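Report on one structure; see the data block that follows.
The values are calculated or read from the model by the stated rules, or taken from the named source; none is laboratory data. These numbers were taken from a predicted model, which means no experiment stands behind them. Cβ coordinates were reconstructed from backbone atoms using ideal geometry, including for glycine residues, and neighbour counts include every protein chain displayed. When the accessible area is computed, the model is the full protein with side chains, heavy atoms only, and any ligands, DNA or RNA have been set aside. Shrake-Rupley method; radii C 1.70, N 1.55, O 1.52, S 1.80 Å.
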Amino acid sequence: MIIRDIQVGEISLPLARPFKTALRTVEHVDDIVVRVVADTGEVGYGEAPPTAVITGDTKGSVACAIREFIRPNLIGMDVEDLDGIMKRLHSCILKNTSAKAAVDMAIYDLWAKRWGAPLYKLLGGARTSFRTDITISVNPIDEMVADALDAVSRGYDILKIKVGKDGTGDVERIAAIREAVGPDVQLRVDANQGWTPKQSVAIISAMEDRNLNIELVEQPVKAHDIAGMQFVTSRVYTPILADESVFSPADAIDIIQKGAADLINIKLMKTGGIHQALKICDVAELYGVECMIGCMLESKLSVSAAAHLCCGRSVITKADLDGPSLCSVDPFTGGPVFEEALVTMSEAPGVGLSAIPCEHWS
Ligand SMILES: [Mg+2]
């Protein structure tokens with residue numbers, strides 16, 4: 001199965017509601033999509049959201065990296081030579097992790113189709129379904145409480161609450177949500193780098209003192225402030241999850257060895273795809289650290305690839321794959337089934353999606 005072409009397109013899907021974090025407000029999923037065409041006529045699909053504030057990638061940079069650097073390096077290669085393809089993909093251009101992720105997942109899609117198996121089975125086959133949380137955007141307290149109750153009424157039992165814009169006022173947000181949803185709903189808190197190290201310790205300690213029972217706090221401090229995150233992790237009982245601080249396997253090793261976080265959040269757009277994400281899984285497993293798998297504002301296309309990884313590896317014990325649920329439409333055919341909190345794999349070969357809502361490929 002030889003790679004004959006790599007084509008780029010665009011998709012745009014409206015979100016059901018604006019997505020608000022300490023870093024940004026977004027109303028559409030507006031992503032680059034990729035298809036890798038093999039000489040057999042089979043196609044692998046990938047997707048990359050241009051998350052400028054986190055990865056530095058824009059639509060233009062993703063499309064250019066794929067067309068000018070990745071495509072000429074991979075055309076003519078045999079899909080069975082997955083190792084060789086991945087070496088070239090990751091050496092033909094530095095950084096550009098979203099572009100690499102889109103092509104990586106399309107190649108893995110084709111590779112699994114080559115062997116006639118669903119991708120998650122070839123990645124390890126740890127499970128066939130999992131539950132994801134859903135994100136509650138940062139808003140006035142009343143609105144966040146209403147959104148939390150709505151999510152619980154739709155069957156979500158894990159909520160990821162965005163904070164980080166309001167310092168110690170964030171404690172009241174979380175307390176109000178805990179009071180409203182009761183003790184049985186798991187609450188994760190994501191500050192998206194919004195606190196200083198000392199603020200983080202004060203806020204997390206206050207949440208502990210009030211018995212708000214928070215499962216984890218994600219990326220409390222600036223991405224580059226590893227010493228600051230270590231300061232926080234060593235002073236609170238609540239587990240700290242590194243997100244924006246960990247892009248590569250080398251980042252994961254550094255964070256784990258320094259004790260700067262208790263958990264690692266893997267996102268394909270940070271690692272540059274499944275190949276590098278698997279290395280983080282291996283590193284984490286060696287050190288006895290559990291991983292979460294997350295997504296950016298992505299459609300079902302790329303989130304499905306992440307879902308396969310989640311089902312492949314048991315070291316991924318938490319899922320934050322709510323991208324498809326946040327979109328107001330689902331124009332895709334096939335792939336894993338996203339039913340609110342429950343994600344169930346299909347037995348179709350590859351990632352499983354058979355129709356992509358993109359009309360112009362070039
Ligand atoms: Mg995060």
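If you check A151, A63, which single one turns out to be buried (at least 19 other Cβ atoms within 10 Å of the Cβ) and free of Cβ contacts under 8 Å to residues at least 24 places away in the same chain? After ruling out the rest, the residue left standing is A151. Taking the criterion of being touching a helix residue (DSSP H, G or I) at 6+ places or on another chain (Cβ under 7 Å) and either among the charged types (D, E, K, R) or at pLDDT below 95 (or both), the only residue of segment 110-134 that qualifies is R127. Taking R235 as the residue in question, decide whether it is over 20 Å from E285 (Cα atoms), at pLDDT 95 or above and either part of a loop (DSSP other than H, G, I, E, B) or among the polar types (S, T, N, Q) (or both). So R235 fits the description; yes. The single residue among A319, A306, A341 that is assigned by TED's automatic domain parsing to the domain that holds I161 and without any contact (Cβ under 8 Å) to a residue 40 or more places away in the chain turns out to be A306.
Here's a check for you: in segment 208-227, which residue that is surrounded by 17 or more Cβ atoms within 10 Å (Cβ to Cβ) and assigned to a loop (DSSP other than H, G, I, E, B) is nearest to the ligand (Cβ to nearest atom)? That would be Q219.
Per the conditions (1) among the polar types (S, T, N, Q); (2) over 11 Å from the mean Cα position of the chain (by Cα); (3) more than 16 Å from the ligand (Cβ to nearest atom), the sole criterion not satisfied by S304 is (2).
Inside segment 30-57, can you point out the residues that are hydrophobic (A, V, I, L, M, F, W, C), closer than 18 Å to A102 by Cβ and surrounded by fewer than 24 Cβ atoms within 10 Å (Cβ to Cβ)? Those that are hydrophobic (A, V, I, L, M, F, W, C), closer than 18 Å to A102 by Cβ and surrounded by fewer than 24 Cβ atoms within 10 Å (Cβ to Cβ): V33, V37, A38, V43, A52, I54. Remark: pairs (first residue in segment 28-51, over 10 Å from S302 (Cα atoms); second residue open to solvent by 10 Å² or more (accessible area, probe 1.4 Å) and among the hydroxyl-bearing types (S, T, Y); Cβ separation under 6 Å; 6+ apart in sequence or on different chains) = H28/S12; D30/S12; R35/Y45; P50/T58.
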